[in-house]
Each structure stands twice: as C-alpha cells, then as structure tokens.
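The block underneath contains the structure these notes are about, expressed in structure tokens.
The values are calculated or read from the model by the stated rules, or taken from the named source; none is laboratory data. Here the structure is a predicted model, which is why all the values come from computation and not from measurement. Please note: Cβ atoms are built from the backbone with ideal geometry, for glycine as well, and neighbour counts cover all protein chains shown.
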Amino acid sequence: MKRQIITIDHETCTGCGLCIPNCPEGAIQLIDGKARLVSDIMCDGLGACLGHCPEGAIAIEEREAEPYDEKKVMANIVAQGENTIKAHLQHLQEHNETGLYNQAIEYCEQNNIELPDSREATMATTPFTGCPGSRTMAFERKDAAEVEPEHQQSQLTHWPIQMHLISPNAPHYKNADLLLAADCTAFALGGFHNDYLKGKTLAIACPRLDEGKEIYLDKLKALADSAKINTLTVMIMQVPCCNGLLQLARQAAAEAKRKVPVKCIIVGMEGNILKEEWV
C-alpha cells in the first residue's frame with residue numbers, strides 16, 4: 001500500500017541517537033553508526049521523531065510500504081516497561097488515532113498486561129514527545145464584548161489545520177461545519193475570520209503545491225462518514241489551479257457513505273466574493 005512513512009538521510013545522519021527515544025513505536029535503531037528504520041510495519045508515519053534530529057535528517061515521505069501493525073508494535077514495546085507503553089498510548093491519543101489506541105488497549109487486555117493509568121492520568125504525567133506543530137489542541141475564545149475594539153479576535157478554535165496534519169478523529173470535527181480553505185484565501189479576504197471562519201472548524205490545503213492529495217480524499221471521506229460533519233464549505237481563489245480543491249471535495253462527497261452538503265465560495269484576488277453557492 002502507498003502511505004506516509006519516515007525516511008532517514010544516512011548521508012546527513014551523524015548517529016547521535018536523539019531520534020530513538022522519541023519514536024514511541026521503537027521503529028528506529030542505530031545500525032552501523034546510523035539511525036535506521038528497522039521495519040515499515042513499526043512506523044505509523046505520524047512523525048513523532050521529527051524535530052528531534054539536530055541535522056534534520058528525518059522527514060516524512062509517501063511511498064509503497066507494508067501496513068503499520070499495532071499489535072506487533074505493542075509486542076515490541078511491552079517488554080520495555082510501563083513508561084514505554086504509557087508514552088506510546090499518549091502518542092496515539094495526541095494524534096487522535098482512536099482505532100490504533102483501541103487496538104493497543106485490546107492487545108494489553110488479551111495478553112493480561114496491566115494497563116498504565118487512565119487517559120487523563122497518562123496525558124498529565126507523560127511529556128508530549130511529538131512534533132509541536134501536529135499536536136491536537138482546542139482553544140477557548142472570549143465573547144466579542146470582552147475583546148478590546150482595536151484587537152480583532154481570531155475565530156480559530158483548534159490546531160492543527162493543515163490537511164496533512166489533521167486527524168478526522170479529532171473531537172472538534174465531530175458534527176461540525178467544516179471550512180476547507182485554499183491557503184491563499186485568508187490573506188486575500190479581509191473578513192475571513194468573522195464572516196466565514198466563525199462557528200466552523202477549519203482545514204487548509206493548496207491544490208497546486210501539496211503532494212499526496214489522495215490522502216486528502218481519504219480524510220475528507222472520513223470526516224463525512226466518521227466525524228459526521230454537517231456541511232462542507234470549500235473556499236478557493238479565482239485562479240484555475242484552485243478548482244482542484246473543489247473537485248477533490250466533490251469527489252469525496254460523492255464517494256462518502258453519508259451525504260454532506262457542499263458549498264463553494266470563490267474569492268477574487270482583490271478580496272471580493274465572486275461566487276457563493278451550494279454545488
């Protein structure tokens with residue numbers, strides 16, 4: 001199958017080993033003085049090790065790889081003790097990988113392995129080890145009356161927002177009205193936050209420059225079927241390449257089991273709305 005997985009530049013790697021404790025699955029080992037991915041099935045592709053290499057030798061690529069195997073990962077890390085299990089469970093929680101988390105819990109129960117603390121305790125006692133840019137967060141916003149007039153309040157309520165980083169299982173997407181916006185729209189549209197983002201969850205993408213758009217298709221279908229979003233609003237620029245994002249959304253809506261209404265908003269380069277209609 002074709003999926004996201006880490007790649008290590010062995011020319012750049014100095015063998016410092018800093019990435020190894022930051023891989024909750026134990027997929028990286030030092031071999032012949034270099035960090036190496038020991039098995040495709042042990043790398044979930046979520047990138048917890050990113051940002052821990054001082055040489056920048058680790059990246060995420062999309063290639064043909066064996067499917068990730070949660071049970072084999074659990075078999076590998078159980079022998080390392082409770083702290084390792086706890087770190088792995090937290091890693092899955094922070095990336096909202098509910099299915100994999102449940103598989104890990106099931107493995108422990110089937111093999112009579114004592115589970116670490118509850119989800120809340122695990123989150124509180126184990127430090128975050130993943131890439132800060134991909135950590136799921138929700139924000140509380142003040143009422144408009146509490147905001148000083150000269151400061152316009154952001155209407156963003158969660159993080160991350162880039163399509164490659166979001167998880168359809170994140171709680172803020174459940175039963176939400178989703179705004180899928182091309183990257184440039186927020187810069188072109190002066191009233192983006194109050195007029196279009198307020199009350200919605202957000203995902204952003206660039207239909208021309210982003211790679212792995214089939215991943216976007218799968219995530220949009222999961223948002224429709226699993227997160228059960230109410231509506232999907234696609235905001236694009238008037239430039240032709242932006243139409244790719246709308247076509248991707250329409251394809252996802254057509255292939256999803258649930259039928260989700262799709263609206264298209266086209267933004268002019270001068271910051272005006274050229275078209276707004278349900279499609």
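Please note which strands (runs of 3 or more DSSP E) are completely contained in the range 3-87 and include at least 2 residues that are in contact with a Gly (Cβ under 7 Å, 6 or more places away or on another chain). Full working, then the answer.
On the way: elements: 28-31, 34-37, 58-64.
Those strands (runs of 3 or more DSSP E) span 34-37, 58-64.
Which ones in the range 250-269 are touching a residue at least 40 places away in the same chain (Cβ under 8 Å) and surrounded by fewer than 12 Cβ atoms within 10 Å (Cβ to Cβ)?
Initially, the range 250-269 is screened for residues touching a residue at least 40 places away in the same chain (Cβ under 8 Å), giving 265, 267-269.
Within the range 250-269, Met269 is the sole residue that qualifies.
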State the number of residues belonging to the range 12-57 that are among the charged types (D, E, K, R) and farther than 23 Å from Met1 by Cα. 3
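Table: residues versus (1) touching a strand residue (DSSP E or B) at 6+ places or on another chain (Cβ under 7 Å); (2) within 21 Å of Arg3 (Cβ to Cβ); (3) among the hydrophobic types (A, V, I, L, M, F, W, C).
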| position | (1), (2), (3) |
| --- | --- |
| Ala59 | yes, yes, yes |
| Lys86 | no, no, no |
| Leu89 | no, no, yes |
| Leu100 | no, yes, yes |
| Ala104 | no, yes, yes |
Inside the range 14-49, the number of residues satisfying the requirement of being surrounded by fewer than 20 Cβ atoms within 10 Å (Cβ to Cβ) and over 19 Å from the mean Cα position of the chain (by Cα) is 20
Being within 22 Å of Lys213 (Cβ to Cβ) and in contact with a helix residue (DSSP H, G or I) (Cβ under 7 Å, 6 or more places away or on another chain) is the filter here, so list the residues in the range 151-163 that pass it. Pro160, Met163
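Hey, any hits in the range 178-185 for a residue that's at pLDDT 90 or above, within 27 Å of Asp218 (Cβ to Cβ) and surrounded by fewer than 20 Cβ atoms within 10 Å (Cβ to Cβ)? If you could, list the steps in order and put the result at the bottom.
Taking the range 178-185 first, the residues at pLDDT 90 or above are 178-185.
Adding the requirement that they be within 27 Å of Asp218 (Cβ to Cβ) leaves 178-185.
In the following step, the residues that additionally are surrounded by fewer than 20 Cβ atoms within 10 Å (Cβ to Cβ) were identified as 183-184.
Looking for residues that are at pLDDT 90 or above, within 27 Å of Asp218 (Cβ to Cβ) and surrounded by fewer than 20 Cβ atoms within 10 Å (Cβ to Cβ), one finds at least one in the range 178-185, hence yes.
Do we have Leu209 as of a type outside the set (S, T, N, Q), under 22 Å from Gly45 (Cβ atoms) and over 17 Å from the mean Cα position of the chain (by Cα) here? It would help to see each step written out before you state the result.
On the way: of a type outside the set (S, T, N, Q): yes; under 22 Å from Gly45 (Cβ atoms): yes; over 17 Å from the mean Cα position of the chain (by Cα): yes.
Answer is yes for this residue.
Which is surrounded by 17 or more Cβ atoms within 10 Å (Cβ to Cβ), modelled with pLDDT under 90, not small (Gly, Ala, Ser) and not assigned by TED's automatic domain parsing to the domain that holds Gly26, of His52, His91? Step through it out loud before you land on a result.
Numbers: His52 fails: not assigned by TED's automatic domain parsing to the domain that holds Gly26.
Step by step, each of His52, His91 is checked, and only His91 is surrounded by 17 or more Cβ atoms within 10 Å (Cβ to Cβ), modelled with pLDDT under 90, not small (Gly, Ala, Ser) and not assigned by TED's automatic domain parsing to the domain that holds Gly26.
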